[in-house]
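Q: Below is the structure I would like to discuss, written out as structure tokens.
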Amino acid sequence: MALDFAATYKVLVLGDSNVGKTCIVHRYCDERYYDTYISTIGIDFKQKLINLDGVPIKLQIWDTAGQERFRTLTTAYYRGAMGILLMYDVTSLESFNNLSYWLRNIQENAAPDVVKVLAGNKCECNPPQRAVDKERGEKIAENFDMPFFEVSCKQNINIEDAFLTLARKIREQREHRGENFDDGDRQKGLQDMIKNGPGSNGLGPFTLGSGGDGGRCSC
Ligand SMILES: Nc1nc2c(ncn2[C@@H]2O[C@H](COP(=O)(O)OP(=O)(O)O)[C@@H](O)[C@H]2O)c(=O)[nH]1
Ligand SMILES: [Mg+2]
């Protein structure tokens, strides 16, 4: 079925600071890994054209611009989001415990049927650095009906699988609903921004991606 031909799926990467959100976007979109600390500045989305079981799909992947540190993500940021990659860091129990905050935030701000995938990053780390067992991740994922992956940006483990699973779930849901809801939402977001000026997306200074190759690099 050609329903999703050349569709754009907007996905957000969420989770505490330092879990590796910026790294995963770079790893997936640019096939690069930065070992130094990346302070996220400005806003950012990157786009990646993927082949989803033979159908070309544009994934528009939004990275936070540090607002997660101050818990200031706004409803505007969630607008039009079809999928969320929710991340924690297996070396940080706090980031795992804060998943409940993020799940609540998603419930309050995102569309009720937004698709979620859970990713526990830095999985190449072993005890004593590792603070969260894989089973704990599996359990919370099961409770909230999310596919789950332990991933590593550093060693490029499971990253493609996590994003492809998210994209597939979005496609399933669109087919289930039998409608295209991306363009309307995207247009509305852009119109809001034009009307209200830069920053109206709740993200501060904003640079639209040029040439379809994504927004400004976030490091
Ligand atoms: N060991 C390890 N460190 C990682 C991995 N992914 C990211 N990091 C590190 O974690 C830190 C935070 O990453 P960053 O992407 O800036 O996190 P963000 O605040 O969620 O955007 C950086 O120092 C990265 O180098 C990983 O897979 N393994
Ligand atoms: Mg970041």
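The values are calculated or read from the model by the stated rules, or taken from the named source; none is laboratory data. These figures come from a predicted structure and were not determined experimentally. Every residue, glycine as well, gets a Cβ built from its backbone with ideal geometry; the counts of neighbours run over all protein chains shown.
Q: Has region 117-134 got at least one residue that is out of contact with any Asp or Glu (no Cβ under 8 Å at 6 or more places or on another chain), assigned to a helix (DSSP H, G or I) and touching a residue at least 12 places away in the same chain (Cβ under 8 Å)?
A: Within region 117-134, none of the residues are out of contact with any Asp or Glu (no Cβ under 8 Å at 6 or more places or on another chain), assigned to a helix (DSSP H, G or I) and touching a residue at least 12 places away in the same chain (Cβ under 8 Å).
Q: Count, please, the residues in region 4-13 that happen to be at pLDDT below 95 and either part of a loop (DSSP other than H, G, I, E, B) or within 12 Å of ligand 2 (Cβ to nearest atom) (or both).
A: Adding up the residues that qualify gives 3.
Q: Filter region 73-106 for residues that are small (Gly, Ala, Ser), within 12 Å of residue 13 (Cα to Cα) and at pLDDT below 95 and give the result.
A: Answer for region 73-106, where residues must be small (Gly, Ala, Ser), within 12 Å of residue 13 (Cα to Cα) and at pLDDT below 95: there is none.
Q: Here is a follow-up. Mind listing just one residue for me: the one in region 140-198 that is assigned to a loop (DSSP other than H, G, I, E, B) and of a type in the set (Phe, Trp, Tyr) and, of those, modelled with the highest pLDDT? Give the derivation first.
A: Taking region 140-198 and keeping what is assigned to a loop (DSSP other than H, G, I, E, B), we get 144-147, 151, 153-156, 158, 178-181, 197-198.
Subset that is of a type in the set (Phe, Trp, Tyr): 144, 181.
Numbers: 144: 96, 181: 48.
Only one residue tops the list, namely 144.
Q: While we're looking at this one, here's another question. Among (1) exposed (fewer than 14 other Cβ atoms within 10 Å of the Cβ); (2) assigned to a strand (DSSP E or B); (3) of a type outside the set (Phe, Trp, Tyr), there is one condition residue 86 misses while meeting the rest; what is its number?
A: So residue 86 meets the others, but not (1).
Q: Follow-up. Test residue 104 against the stated conditions and say whether it is without any contact (Cβ under 8 Å) to a residue 24 or more places away in the chain, out of contact with any His (no Cβ under 8 Å at 6 or more places or on another chain) and basic (Lys, Arg). First the steps, then the outcome.
A: Working: without any contact (Cβ under 8 Å) to a residue 24 or more places away in the chain: yes; out of contact with any His (no Cβ under 8 Å at 6 or more places or on another chain): yes; basic (Lys, Arg): yes.
In short, yes.
Q: Report, by residue number, each residue of region 97-116 that is buried (at least 16 other Cβ atoms within 10 Å of the Cβ), among the hydrophobic types (A, V, I, L, M, F, W, C) and either within 16 Å of ligand 2 (Cβ to nearest atom) or part of a loop (DSSP other than H, G, I, E, B) (or both).
A: Once the filter is applied, which keeps residues that are buried (at least 16 other Cβ atoms within 10 Å of the Cβ), among the hydrophobic types (A, V, I, L, M, F, W, C) and either within 16 Å of ligand 2 (Cβ to nearest atom) or part of a loop (DSSP other than H, G, I, E, B) (or both), region 97-116 yields 102, 110, 114.
Q: Looking only at region 97-126, which residues are within 14 Å of ligand 1 (Cβ to nearest atom) and not aliphatic (A, V, I, L, M)?
A: Those that are within 14 Å of ligand 1 (Cβ to nearest atom) and not aliphatic (A, V, I, L, M): 98, 102, 120, 121, 122, 123, 124, 125, 126.
Q: Can I ask one more? So the check is Cβ under 9 Å with 6+ separation or different chains; which pairs have a first residue in region 74-94 that's without any contact (Cβ under 8 Å) to a residue 40 or more places away in the chain and a second one that's surrounded by fewer than 24 Cβ atoms within 10 Å (Cβ to Cβ)?
A: 93/131; 93/132
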